[in-house]
Amino acid sequence: MINFNQPHLTGKEAHYMYEAVFAGKLSGNGRFTKACQAWFEQRYGFRKCLLTTSGTDALEMCAMLCELKPGDEVIVPSYTFVSTALAFLREGATVVFADSMKRNPNIDAETLEALITPRTKVIVPVHYAGVACDMDAIMAVAKKHNLLVVEDAAQAIDSYYKGKPLGGIGHLAAFSFHETKNITAGGEGGLLVVNDERFVRRAEIIWEKGTNRAEFFRGEVNKYGWVDMGSSFLPSEVNAAFLWAQLENIDDIQAKRTALWNRYHERLKPLADKQFFTLPDIPDYASNNAHMFYLVLPNLEARTGLIKHLKDNGACAVFHYLSLHSSPYYASRHDGRALPECDRYADCLVRLPLFYDLKMEEVDAICDLIETYYR
Ligand SMILES: *Cc1c(COP(=O)(O)O)cnc(C)c1O
C-alpha cells in the first residue's frame, strides 16, 4: 500500500535531540529554539518569531494578541482546518465564514467586503496547499476598514506571494510543523510570526505564561513577574532540535517534493484537459511549495469512485475538510448563508500521496492507475 503521508527524517534529528538532552537544558527557549527562530527571521525577514507546541497554539496566540471582545467578528474561510476558527472562538469572538474562490479553495477576496460590519476586527486568510491568497486585495480591504490580518500559513512554509514570503505579509501569522506538513518538529510544532512591531513585546509575554521572563533574562528589567494573560506555548528543546535538523535540509526537501509534484502535474494534465477533473491552481501571484497535490472532481460520486479505485489497487488518496459552516459544532454558530464553493471542495477534492520518501515510480504507478480508471 502506498501511504498518504509518511514523515521524513533527514538523518540528524536524533543527533541534535541527543545534543539537547545532554546539554542539560531541556525546557523551552534554549539554544535550538533560538537557532530555529533566528533562521526564520533571517531567511524570510520576519520581524519576530516564536516557536510553539503546534500551529493551533500559534493561532491561539494570534487570537489573544488581537484583544477581541465578545461580539467582535473574525472572518475565516469555511473550507479550512478547525483551528483557524477555533482559536478565535475561544477568545469569545463571533466567527463569520467566507466562501472559497471558484479557481482554488482560498478565501475569495472579492466577497470579503460584503461580510464586513462595524464589529469586524480580523480577517484570517488560509494559504491552502501552500498557495498564496490574493494578499494585496486582502490587505487593501483590511486597511480600508482598519482590520488586523492573521495569516494561517500552516501549510505555507517557503512559499511566496509576488516574491514576498507567506507569513510575512499580515500583522501576525502561524505556521505548523505537524508531521503532515513539509517539515516537522518531531510530530507536533508550530511558529508564531509577528510582523507588526506593536505586538512583539506582548507576544513574548503571552508565550511565557504571562511573565516578562524574556526581558528579565535579557537584562532589560531587574525582576520578573506576572504581567499579563498567557499560557505555556513554548515547545521543549527536544522538539526544537528535531526541527533544526529539518530546517538545515529545507532546500533538499522542497526540491524533492517539487519534483514529485511536477511529475503528477505532467502525467495528469492530459486527463485534466479532457475535463475528468481539474489540477491545483497556482495563480500568477503565487509560488508552489509542493505542500499538496490535489484533484477536484466534478461531483461526490466521481470522487468516491476514484478514491475506491486507488484504494483497491494499493494507493491511499484522501478527501480533505468538511466545511466548518455545515459541521455539527459550527453550523449553529453560522448565520445560514450558503457557501457553495466550500461545499464543492468538501465533496469533490481528493489529495494524492505526496511526501519526501515517495518514489517517482510510485507517482507513476498512481498516475497509471488514474489513467486506467478513465480509459
Ligand atoms: C495543520 C493546520 C493547522 C493546525 O496546525 P497543528 O500544528 O496541527 O496544530 C491549522 N491550519 C491549517 C490550515 C492547517 O493545515
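The values are calculated or read from the model by the stated rules, or taken from the named source; none is laboratory data. Everything numeric in this text was worked out from a predicted model, so none of it was measured. Virtual Cβ from ideal backbone geometry, glycine too; neighbours counted across all protein chains shown. For the accessible areas, the whole protein counts, side chains as well, though only heavy atoms, and no ligand, DNA or RNA atoms are used. Shrake-Rupley method; radii C 1.70, N 1.55, O 1.52, S 1.80 Å.
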Paired Rg and Dmax values of the stretch 213-355, which use every Cα atom, in angstrom: 22.2, 69
So in the stretch 13-248, what percent of DSSP beta bridges are antiparallel if you round to the nearest 5? 50 percent
Roughly speaking, what is the centre-to-centre gap between the stretch 302-343 and the stretch 166-243 when only Cα atoms are used, to the nearest Å? 33 Å
Calculate one ³J(HN,Hα) per residue across the stretch 294-299 by plugging θ = phi - 60° into the Karplus curve 6.51 cos²θ - 1.76 cosθ + 1.60, and present them in order as whole Hz with x for glycine and proline. 10, 10, 10, 8, x, 7
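Structure shown: which of LYS25/LYS223; LYS69/LYS162; LYS34/LYS69; LYS181/LYS269; LYS143/LYS164 lie over 30 Å apart, alpha-carbon to alpha-carbon?
LYS69/LYS162; LYS34/LYS69
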Looking at the stretch 127-190, which trypsin sites (Lys or Arg not before Pro) are in a loop (DSSP not H, G, I, E or B) and have at most 14 other Cβ atoms within 10 Å? LYS162
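Quick one: pull the percent of accessible area on the chain belonging to carbon and sulfur, 1.4 Å probe, ligands and nucleic acids left out.
Answer for the chain: carbon and sulfur cover 54 percent of the accessible area.
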Rounded FRET efficiency, nearest 0.05, which uses the C-beta distance separating MET229 from THR117 and R0 of 30 Å: 0.70
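Given a cut-off of under 8 Å on Cα pairs at least six residues apart, what relative contact order in percent is computed for the stretch 250-327?
Rounded, it is 23 percent for the stretch 250-327.
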Determine ³J(HN,Hα), in whole Hz, for all residues of the stretch 114-123 in sequence, where each value follows from phi through the Karplus function 6.51 cos²θ - 1.76 cosθ + 1.60 and θ = phi - 60°; x replaces Gly and Pro. 5, 8, 7, 10, x, 8, 5, 10, 9, 10
Expressed as a fraction of 2.2 N^0.38 Å, the rule-of-thumb size for a compact globular protein of N residues, what is the C-alpha radius of gyration of the stretch 47-132? 1.09
Residue by residue through the stretch 53-65, what is 3J(HN,Hα) from phi via Karplus (6.51 cos²θ - 1.76 cosθ + 1.60, θ = phi - 60°)? Round to whole Hz and write x for glycine and proline. 6, 6, x, 4, 4, 4, 5, 5, 5, 4, 4, 5, 5
Can you pull out the trypsin sites (Lys or Arg not before Pro) in the stretch 248-301 whose DSSP state is coil and whose Cβ has at most 15 other Cβ atoms within 10 Å? LYS274
Cα-only Rg/Rh for the stretch 177-293 with Kirkwood Rh rounds to 1.17
Just to confirm my numbers, what's the Cα centroid distance between the stretch 80-158 and the stretch 31-67 in Å? 19 Å
With a bin width of 5 angstrom, please list the P(r) values of the stretch 154-246 as percents of all Cα-Cα pairs, from the 0 bin to the one holding the largest distance. 3, 13, 17, 19, 20, 16, 9, 3, 1
Quick check for you: which residues of the stretch 288-319 have the amide N under 18 Å from the point 7 Å beyond the Cα of ASP368 toward its beta carbon? 309-317
Here the gain from full extension of ASN5 to THR278, 0.36 nm per residue of separation minus their alpha-carbon distance, amounts to 96.1 nm
Using the Kirkwood radius over Cα pairs, work out the Stokes-Einstein diffusion coefficient for the stretch 300-347 at 25 °C and 0.890 mPa s, in µm²/s as a whole number. 199 µm²/s
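Normalised by the number of residues in the chain, what is the relative contact order in percent for Cα pairs under 8 Å and 6+ residues apart?
For the chain, the relative contact order is 23 percent.
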Using Cα-only point scatterers and the Debye equation, what is log10 of I(q)/I(0) for the stretch 95-178 at each q in 0.14 Å⁻¹, rounded to two decimals? -0.42
Search the structure for amide H atoms under 5 Å from the amide H of TYR161, placed 1.01 Å from N in the peptide plane, and list their residues when 5 or more places away or on another chain. LEU166
Name the residues whose placed amide hydrogens come within less than 5 Å of the amide hydrogen of VAL96, ignoring near sequence neighbours (fewer than 5 apart) on the same chain. VAL74, ILE75, VAL76
Computed over the Cα atoms, what is the radius of gyration of the chain divided by 2.2 N^0.38 Å, N being its residue count? 1.00
Spatial extent of the stretch 1-152: Rg and Dmax, with the Cα atoms as the point set, Å: 18.6, 56
Restricting to aspartates and glutamates and to Cα separations under 19 Å from LYS359, and discarding same-chain partners fewer than 8 apart, the set is GLU179, ASP251, ASP252, GLU266, ASP368, GLU371
Name the shape class, rounded, prolate or oblate, that the alpha-carbon gyration tensor gives for the stretch 1-43, where a ≥ b ≥ c are the square roots of its eigenvalues, rounded holds for a/c under 1.5, and otherwise prolate holds if a/b is larger than b/c and oblate otherwise. oblate
